[in-house]
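See structure below.
The values are calculated or read from the model by the stated rules, or taken from the named source; none is laboratory data. Being a predicted model, the structure only gives us computed values, none of them experimental. We place every Cβ from the backbone using ideal geometry, glycine too, and count neighbours over all the protein chains shown. Keep in mind that these areas ignore ligands, DNA and RNA; they rest on the heavy atoms of the full protein, side chains included. Shrake-Rupley method; radii C 1.70, N 1.55, O 1.52, S 1.80 Å.
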Amino acid sequence: MRVHTLLLAVVTGLWALPATADWTDARCEIYPKGEDRAEQTLPCTFSQRQGYVTITREDGVVHELAPSGEAVGNFRDQAGRPVYRQSGLGDQGLIFRFPDESLYIYWDRGPTTTAAADNPTWPFSTADYDATTLLRCRALTAEAFGQCPAGILRMDDGQASIVVQSPAGEQFTINFMTGYVNATNRSVEASRDGDTWTVVIDGQEVYEVPLAAIEGG
């Protein structure tokens with residue numbers, strides 16, 4: 001019940017003021033300021049009571065956030081620093097922007113960090129997908145490519161749905177179907193050059209998908 005109560009408040013944006021604190025287990029990803037790759041991923045707990053938020057990380061760091069001003073989503077931490085809450089993860093979680101880092105909180109705790117270290121394509125594995133891979137990815141304005149993990153579900157006639165985890169930690173699906181390419185809840189521009197598809201998502205992110213990933217070897 002505690003998880004359902006909290007998620008309902010988060011997803012609807014109501015942020016009700018319960019008489020007792022609501023809390024849930026979560027997964028925290030820490031991004032240093034200006035970086036697009038998580039420095040650390042670890043279990044954490046999230047709680048809120050009467051607008052006050054407590055985030056307790058497994059590494060011993062605790063963030064105590066108090067509402068600041070009248071604007072929704074503005075806080076001060078225990079050191080008096082400004083912190084801003086964002087909803088860019090949709091129903092998957094929340095983002096808190098600190099002066100020196102961003103904290104992404106996911107309601108799905110996912111595998112342990114040990115599992116992530118053992119599997120370079122975490123959180124995807126062949127237990128759930130036909131294949132997994134690391135796709136070349138970057139922000140549209142960036143010059144250098146990074147790597148984004150992906151899980152591949154193949155279909156007949158050289159078609160596939162590829163679930164990608166973006167550099168920001170969001171998961172979405174790119175569908176490579178006969179005659180078209182689309183993605184869940186996102187705009188897509190796709191072009192093929194030889195054996196590689198280049199997919200631009202929402203005019204902001206670029207992914208390169210080899211044809212072999214779609215069709216298999």
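Quick notes on this one:
- All positions within the stretch 53-67 that are under 20 Å from the mean Cα position of the chain (by Cα) and on the phi > 0 side of the Ramachandran plot: none
- Qualifying residue in the stretch 145-165 (condition: of a type in the set (A, V, I, L, M) and either part of a helix (DSSP H, G or I) or open to solvent by 50 Å² or more (accessible area, probe 1.4 Å) (or both)): yes
- The conditions of being modelled with pLDDT under 90 and either among the small types (G, A, S) or surrounded by 13 or more Cβ atoms within 10 Å (Cβ to Cβ) (or both) are met by T5.
- Taken over the stretch 70-126, the residue count meeting the criterion of being acidic (D, E), within 17 Å of F172 (Cα to Cα) and either assigned to a strand (DSSP E or B) or modelled with pLDDT of 85 or more (or both) is 0.
- Verdict on A142 being more than 19 Å from the chain's Cα centre (by Cα), surrounded by 13 or more Cβ atoms within 10 Å (Cβ to Cβ) and closer than 26 Å to L94 by Cα: yes
- Restricting the stretch 8-50 to residues that are outside any strand (DSSP E or B) and in contact with a Phe, Trp or Tyr (Cβ under 7 Å, 6 or more places away or on another chain), the residue that is modelled with the highest pLDDT is E39.
- Leading residue by the ranking (modelled with the lowest pLDDT) among those in the stretch 176-208 that are touching a Leu at 6+ places or on another chain (Cβ under 6 Å) and under 20 Å from R154 (Cβ atoms): D195
- The set of residues in the stretch 172-205 that are crowded, with 18+ Cβ neighbours inside 10 Å and either of a type in the set (D, E) or touching a residue at least 40 places away in the same chain (Cβ under 8 Å) (or both) contains only E205.
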